[in-house]
1. So if I check each of ALA156, ALA119, which one is farther than 30 Å from THR65 by Cα, aliphatic (A, V, I, L, M) and modelled with pLDDT under 90?
2. Among the residues of segment 122-141, what is the count of those that are under 19 Å from the mean Cα position of the chain (by Cα) and exposed (fewer than 12 other Cβ atoms within 10 Å of the Cβ)?
3. Taking segment 117-142 as the region of interest, how many residues are in a strand (DSSP E or B) and touching a residue at least 24 places away in the same chain (Cβ under 8 Å)?
4. So is GLU94 farther than 25 Å from GLY177 by Cβ and of a type in the set (Asp, Glu) or not?
5. From VAL70, VAL54, VAL59, VAL86, which residue is buried (at least 18 other Cβ atoms within 10 Å of the Cβ) and touching a Ser or Thr at 6+ places or on another chain (Cβ under 9 Å)?
6. When you scan segment 1-116 for helices (runs of 4 or more DSSP H) that lie fully inside it, which ones turn up with 2 or more residues that are more than 30 Å from LYS141 (Cα to Cα) and not assigned by TED's automatic domain parsing to the domain that holds PRO185?
7. So, in segment 23-39, how many residues would count as being surrounded by fewer than 12 Cβ atoms within 10 Å (Cβ to Cβ) and β-branched (Val, Ile, Thr)?
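The values are calculated or read from the model by the stated rules, or taken from the named source; none is laboratory data. Predicted, not measured: the structure shown is a model, and the values here were computed from it. Positions of Cβ are generated from backbone atoms using ideal geometry, with glycine treated the same way; all protein chains shown enter the neighbour counts.
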Amino acid sequence: MTDLAHSAGWFLPHANICWVSERHNILARDERGRLHSVTGPAVAYPDGWAIYAVHGVRVPADIITNPESVTAERIDKEQNAEVRRVMIERMGYERYILESGAQLLNTDEYGSLYRKELADDEPLVMVHVLNSTPEPDGTIKKYMLRCHPQLRPMLADGKLGAPQEMTAHNAVASTFGLRGEEYAPLVQT
């Protein structure tokens, strides 16, 4: 068995039969040891058999090999919440929110607040904001910040604060662990 372990991959011996596998030629994992690759298979064997995974979530190969195949419509049809999350990350939160028919809840000087209902999962609530500091070339970057579905800020003691009115101002404040009435920066950077 020691000789076998040095020259082959996984093996499963039984009384009258033994299954032996070739060694993998690709193995990619994240910092927690989970199968992970966003550039190709996370594990592959010389015969072409492969598993595609992102942070341990097994996904169809084309989500990795052809990210353009990920559309808002496809994401909305996906039943597995973890696969759906990976698909949204691959597509990009901003593009998904804007293309998926998410409900615009509020717009104010702090940004635009959107809500997208997801099957068998909590709603995706995000605030679309502009970076207040221009880039060196003068352009202004846009960002989507994910918020608690009830805009409940994470307090210093690790607990969630009370729900807030659904405004972009309150959403931005909640990302700083504050309530809307506490968030009034004099200068934004």
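1. Details: ALA119 fails: farther than 30 Å from THR65 by Cα.
The unique qualifying residue is ALA156.
2. 1
3. As a first pass, look at segment 117-142 and keep what is in a strand (DSSP E or B): 124-130, 142.
Subset that is touching a residue at least 24 places away in the same chain (Cβ under 8 Å): 124-129, 142.
Total satisfying the criteria: 7.
4. It is false that GLU94 is farther than 25 Å from GLY177 by Cβ and of a type in the set (Asp, Glu).
5. Values: VAL70 fails: touching a Ser or Thr at 6+ places or on another chain (Cβ under 9 Å); VAL59 fails: touching a Ser or Thr at 6+ places or on another chain (Cβ under 9 Å); VAL86 fails: touching a Ser or Thr at 6+ places or on another chain (Cβ under 9 Å).
Every option except VAL54 fails the conditions.
6. On the way: elements: 2-7, 61-65, 72-77, 81-91, 93-99.
Here the list reads 2-7.
7. Within segment 23-39, the subset surrounded by fewer than 12 Cβ atoms within 10 Å (Cβ to Cβ) is 23, 31-33, 39.
Checking the rest, the ones that are also β-branched (Val, Ile, Thr) come to 39.
Residues flagged as surrounded by fewer than 12 Cβ atoms within 10 Å (Cβ to Cβ) and β-branched (Val, Ile, Thr) within segment 23-39 amount to 1.
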